[in-house]
Amino acid sequence: MEIERKFLIIKENLPKELEQYPSHKIEQGYLCTEPVVRIRRQDEEYYLTYKSKGLLAREEYNLPLTQAAYEHLKPKADGIVIVKTRYLIPEKEGLTIELDVFHETYEGLLLAEVEFSSEETARAYIPPEWFGEDVTYSSKYHNSTLSKGVSHF
């Protein structure tokens, strides 16, 4: 079960010196968006992911892929292949902020996600001051929606 909240970030509010935090280069495409079936390259690792419907909480299953399988499936992705850098920023209470800095088609889009162990913890979370609008309940900011190229930022 994936339980997360998602927030827009304004560039001027970004933490300074992002490069001090661990990061991953991510490329992902969607073979299907209902239900979500995604392929992802994260650095030199490859995955096939299934996600159920939902906004705050939803089922998620990750299966390993080989590079060859990923490269075979990538041209079959519908819409835009999303490219982003994900920074892992330590947060209070042992949480981690996953800050996605989008590139190419969505250059300038910044989203932060925080994953939780329960819906109660997620609802009680008070974000840092540098976070912008809470978009947890907006499917507009799901990567699967962004892959369709229908969102404008």
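Read-outs throughout are calculated quantities, based only on the coordinates presented, and are distinct from any laboratory measurement. All of these numbers come straight from a predicted model, not from anything done at the bench. Glycine also receives a Cβ, built like all others from the backbone with ideal geometry; neighbour counts cover every protein chain displayed.
Observations, loosely collected:
- With a Förster radius of 35 Å applied to the C-beta separation of L14 and L63, the computed FRET efficiency comes to 0.60.
- Here the sum of -39500 (n - 2.57) over DSSP H runs of 4 or more residues, divided by the residues of the chain, equals -2500 deg cm²/dmol at 222 nm, to the nearest 500.
- Separation in nanometres of the label points that stand 7 Å from Cα toward Cβ, at E133 and E115: 2.6
- The mean sequence distance of close C-alpha pairs (under 8 Å, at least 6 residues apart), as a share of the length of the chain, puts its relative contact order at 31 percent.
- Check: region 7-152 dipole with +1 on Lys, Arg Cβ and -1 on Asp, Glu Cβ, in debye: 520
- Cα-based reach from K25 at 18 Å (exclusive), listing aspartates and glutamates while leaving out same-chain residues under 8 positions away: E17, D43, E44, E45, E71, E98, D100, E104, E107, E113
- Label-point separation in nm, D43 to L88, each point 7 Å along Cα→Cβ: 0.8
- Pairs from K53/K74; K11/K84; K6/K53; K6/K51 whose Cα-Cα separation, in the structure shown, is over 19 Å: K53/K74
- Alpha-carbon centroid distance for the pair region 1-71 / region 82-114, whole angstrom: 10
- Loop-located trypsin sites (Lys or Arg not before Pro) in region 38-123 whose Cβ has at most 16 other Cβ within 10 Å (DSSP): K53
- For region 1-79, the relative contact order works out to 28 percent when only alpha carbon pairs closer than 8 Å and six or more residues apart are counted.
- Estimated distance in nm for a label pair at K148 and E34, the labels positioned 7 Å out from Cα along Cα-to-Cβ: 0.8
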